[in-house]
1. Only one of B:Ile167, B:Ile159, B:Ile163, B:Ile179 is within 14 Å of chain A (Cβ to nearest Cβ), aliphatic (A, V, I, L, M) and surrounded by 13 or more Cβ atoms within 10 Å (Cβ to Cβ). Can you tell me which?
2. Check off (1) surrounded by 12 or more Cβ atoms within 10 Å (Cβ to Cβ); (2) more than 10 Å from every other protein chain (Cβ to nearest Cβ); (3) touching a helix residue (DSSP H, G or I) at 6+ places or on another chain (Cβ under 8 Å) for B:Ile49 and give me the number that stays unchecked.
3. Just for strands (runs of 3 or more DSSP E) wholly inside region B:121-184: which have at least 1 residues that are farther than 30 Å from A:Ser40 by Cα and among the polar types (S, T, N, Q)?
4. A:Pro15 fails exactly one of the following numbered conditions: (1) in contact (Cβ under 8 Å) with a residue 12 or more places away in the chain; (2) facing another protein chain (nearest Cβ under 8 Å); (3) in a helix (DSSP H, G or I). What is the number of that condition?
5. Just one of A:Ser48, A:Ser20 is within 9 Å of chain B (Cβ to nearest Cβ), at pLDDT below 95 and within 16 Å of B:Trp88 (Cβ to Cβ); which is it?
6. Determine whether region B:65-81 contains at least one residue that is polar (S, T, N, Q), in contact with a Phe, Trp or Tyr (Cβ under 9 Å, 6 or more places away or on another chain) and within 14 Å of chain A (Cβ to nearest Cβ).
7. From A:Ser20, A:Ser48, A:Ser87, which residue is small (Gly, Ala, Ser) and open to solvent by 100 Å² or more (accessible area, probe 1.4 Å)?
8. Quick one: which of B:Lys73, B:Lys67 is among the basic types (Lys, Arg) and closer than 22 Å to B:Glu150 by Cα?
Amino acid sequence: MSEILQELGRKLVFPIDFRSQKNTERYQQLILIAGAILASLIGFFAQSLLYLVVTYGLAIVVAMVVVLPAYPAYTREKLDWVKPKISM
Amino acid sequence: MFSLSQRIQTLSNQALTFACFIFVFVIATSWLQLIQQHAFMTPSSIDNIKTSINLRTSRYYGSMNGKPKENSKILFDLNTDLSPLFNWNTKQVFVYLTGEYEGQLRPQTKSEVTYWDKIITKGDNAKLQLKNVRSKYAVWDLEEVFVGRELTFKLKWNIQPWIGPLIYGEANGNKTITITSGKPANVKNEKKSSA
């Protein structure tokens with residue numbers, strides 16, 4: 001059972017390359033900050049907490065869509081490992 | 001941000017962090033709105049208070065060893081507009097009419113009793129224009145005699161917000177009345193005349 005779980009865990013890593021790691025972090029921060037400010041403003045001027053929560057929730061969903069999946073664009077740069085010099 | 005679980009963790013962490021900032025913003029702005037709308041200086045007028053005393057022999061009305069206890073009730077008019085208490089962070093407002101009085105045997109003790117209360121959930125219903133309303137609760141004191149006490153009636157309120165701490169306050173406009181031993185029959189007559 002634990003072997004199956006380990007196997008599953010290894011398959012669920014979904015790694016992305018270094019440049020995308022940096023970019024996704026920046027996108028995430030931008031989307032969440034903009035979403036928080038927008039949600040606060042909409043909620044305040046509509047005088048409605050519901051609008052605030054819905055707007056911020058949408059911002060989180062957008063951030064999840066942008067950041068979480070390992071899109072092909074995020075995995076383009078493969079690492080160049082040093083080739084072994086010793087010939088066997 | 002290397003793996004999926006790391007991305008989930010950083011995203012949820014950051015989302016919660018910004019949510020805390022939003023909470024602070026909501027609490028601060030709703031507090032400022034209360035001040036700007038002079039919520040802490042809301043006027044109220046408690047008029048036409050008629051007191052009555054009812055002798056009860058039940059233990060549930062403060063009677064001890066079969067000795068009758070003086071239970072105080074009132075009829076009152078109340079005019080106030082509590083709509084300044086309502087803003088985007090107000091869930092509901094609890095309004096209560098209290099009487100404050102000192103002990104007769106021990107004047108240094110102060111008591112505060114609630115005669116009437118109401119829960120307002122909508123700002124549209126915040127304007128209270130009550131006429132000849134009967135108090136909700138019968139009030140008795142630990143001491144034997146309640147007649148002749150001077151009660152200061154105050155309208156107090158308590159805002160229950162969606163986010164943030166409870167906010168307590170009281171409306172301007174106190175009324176001091178001496179409790180008289182009006183018969184409960186009086187109350188019935190009043191009710192007839194009002195109906």
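The values are calculated or read from the model by the stated rules, or taken from the named source; none is laboratory data. These figures come from a predicted structure and were not determined experimentally. Note that each Cβ is placed from the backbone with ideal geometry, even for glycine, and that neighbours are counted across all protein chains shown. Note: areas computed on protein heavy atoms with side chains; ligands, DNA, RNA excluded. Shrake-Rupley method; radii C 1.70, N 1.55, O 1.52, S 1.80 Å.
1. Just one listed residue meets the conditions, B:Ile163.
2. Here B:Ile49 meets the rest and fails (3).
3. Here the list reads B:127-134, B:150-161, B:175-178.
4. So the condition that A:Pro15 fails would be (3).
5. It is A:Ser48.
6. Within region B:65-81, none of the residues are polar (S, T, N, Q), in contact with a Phe, Trp or Tyr (Cβ under 9 Å, 6 or more places away or on another chain) and within 14 Å of chain A (Cβ to nearest Cβ).
7. Just one listed residue meets the conditions, A:Ser87.
8. B:Lys73
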